[in-house]
Structures are given as C-alpha cells and as structure tokens.
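To start, the structure under review is shown below, and the notes come after it.
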Amino acid sequence: MCGRYYVDDDTAKEIERVIRQVNEKIRRDNAIANIQFAAKDVHPTELAPILMQDGKGLCCKTLRWGFPGSTSVIFNARSETALEKPSFREGIRSRRIVIPATHFYEWNSKKEKNIFRRADAPVLFMAGCYNRYENGDCFVILTTAANSSMKPVHDRMPLILEEEEITRWILNESSISELLKKKPCLLERQTDYEQMSLF
C-alpha cells in the first residue's frame, strides 16, 4: 500500500508555507531554507522531503524512504499496530514526521494505475515516523483501513493528516493515539488506463 508518490514545485511551496506558519505559531525563530527539488515520482529506498521537529520548530529534511529489513525494505507500517511493533514503537513515540506529496499511486488487481489526490488542496500530508540506522535515518509511511474513496482499489491507504493536525502529530505526544485512529479524508481518484470489459 502506497508504494509510490509524487512531489513537485507546488509541494515545495506548500512545505515552505506550512513550516513558516507552524513556526510563527510557536513563536520561534527559524530560517526557512529555500526548498527546491525536482518534480518526480518517489519510490521506496529513495531520498524524499519530510517535515520533522528540530530544536526551533519544524524543518524540512531529506530522508530515505524505507526501513532496511532482513529480506526486503519495509516502507509502510499499520497505524493500528505500530505502537506494538518493536520496529516502529520508538519512532512513533519520539520521531514522528509528515510526508508531503502531490498525490500517491495504487494499482488495482488488474494492474491498473490509480492516482489519488485531494480535491481541496494541492498537497496531501501523510503521517509517518523515522528510525536511525548506521547508514542514515529512514522513514515509513503509516497506513490505515481504506475509506470509501480508496476501497474500490485497495483495502489500505496512507494515514492522511489535515494541515491543522501536522503540528499535533509531530510536536504533541498526547495526540498520538487519537491521530493513529483517525479516518482520512475522501480523495479524488484518476485512472491512467482502465481496461474495458464486455462482461
């Protein structure tokens, strides 16, 4: 679930705006770096921009997507059980992040590519966490049960946060349990190619 997503210039502008807004709210000085990156599909094991806490508020950093596993990369974690799993527990408790994306992709059982995006905003914000490894910090995206906009394609979807929930997720430990159980907003779906059926 959520094995690829997309970022572009609008994503970079939205990251900068959110960081500025959050940091103004918590009244701390933080120089906003000019956030730039190429528009691209982000695949597991690649570096990608994320929002995280630093000593002065929120910042944007680049981390690698996916925890190293014994046989494959772990790039998603179930929100319902993340606090119970040793691989994710500490990250959820103390290293929560938000992954911004223009949209994400999911393939249905017929291998048709579906694009999911917000109808009401240029960027969606996915909840996640990161862990520290010998070769650098890596993150996972949290998933939850699919809502009605996602169910025709997959039974899981990213845990999508509203903009006002970003600060609570990253900075407020008392909000963890509530946000892990939230139901994401409905999304628009676009299919690149849908095979016609006569039956």
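The values are calculated or read from the model by the stated rules, or taken from the named source; none is laboratory data. Bear in mind the structure is a predicted one, so any value in this text is a computation, not a measurement. Every residue, glycine as well, gets a Cβ built from its backbone with ideal geometry; the counts of neighbours run over all protein chains shown.
Scanning region 67-80 for residues that are surrounded by 17 or more Cβ atoms within 10 Å (Cβ to Cβ) and part of a loop (DSSP other than H, G, I, E, B) turns up Phe75, Ser79.
Mind listing just one residue for me: the one in region 81-119 that is aromatic (Phe, Trp, Tyr) and out of contact with any Phe, Trp or Tyr (no Cβ under 8 Å at 6 or more places or on another chain) and, of those, surrounded by the fewest Cβ atoms within 10 Å (Cβ to Cβ)? Talk me through it step by step, then tell me what you get.
We begin by selecting, within region 81-119, every residue aromatic (Phe, Trp, Tyr); these are 88, 104-105, 107, 116.
Restricting the remaining residues to those that are out of contact with any Phe, Trp or Tyr (no Cβ under 8 Å at 6 or more places or on another chain) gives 88, 107.
Values: Phe88: 23, Trp107: 14.
Top of the filtered list is Trp107.
Considering only region 147-159, I want to know if a residue exists there that is surrounded by 14 or more Cβ atoms within 10 Å (Cβ to Cβ), within 23 Å of Arg17 (Cβ to Cβ) and modelled with pLDDT of 95 or more. Lay out the reasoning, then the answer.
Restricting attention to region 147-159, the residues satisfying the condition of being surrounded by 14 or more Cβ atoms within 10 Å (Cβ to Cβ) are 147, 149-150, 153-154, 156-159.
If we keep only those that are within 23 Å of Arg17 (Cβ to Cβ) too, we end up with 158-159.
From what's left, modelled with pLDDT of 95 or more: 158-159.
Yes, the conditions are met somewhere in region 147-159.
Of all the criteria given as (1) under 21 Å from Val18 (Cα atoms); (2) exposed (fewer than 13 other Cβ atoms within 10 Å of the Cβ); (3) touching a residue at least 24 places away in the same chain (Cβ under 8 Å), the one not satisfied by Glu164 is (3).
I'd like the residue in region 120-146 that is among the aliphatic types (A, V, I, L, M) and out of contact with any helix residue (DSSP H, G or I) (no Cβ under 8 Å at 6 or more places or on another chain) and, out of all such residues, is surrounded by the fewest Cβ atoms within 10 Å (Cβ to Cβ). Among them, the one singled out is Ala145. For region 1-49, a residue qualifies if it is assigned to a helix (DSSP H, G or I) and at pLDDT below 80, and the qualifying residues are Ile19, Arg20, Gln21, Val22, Asn23, Glu24, Lys25.
Only one of the listed residues (Leu83, Leu63) is in a loop (DSSP other than H, G, I, E, B) and hydrophobic (A, V, I, L, M, F, W, C). That residue is Leu83.
Within region 48-63, residues that are in contact (Cβ under 8 Å) with a residue 24 or more places away in the chain have Cβ atoms under 7 Å from residues that are of a type in the set (Lys, Arg) and assigned to a strand (DSSP E or B) in these pairs: Ile50/Lys61; Met52/Lys61, counting only partners at least 6 apart in sequence or on another chain.
Residues are listed down the side, and each one gets a yes or a no for (1) over 9 Å from the mean Cα position of the chain (by Cα); (2) free of Cβ contacts under 8 Å to residues at least 60 places away in the same chain:
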residue: Met126; (1), (2): no, no
residue: Gly136; (1), (2): yes, no
residue: Ala146; (1), (2): yes, yes
residue: Met157; (1), (2): yes, no
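For Leu186, are the conditions met, namely being touching a strand residue (DSSP E or B) at 6+ places or on another chain (Cβ under 9 Å), aliphatic (A, V, I, L, M), modelled with pLDDT of 95 or more and under 21 Å from Asn76 (Cβ atoms)? Answer is no for this residue.
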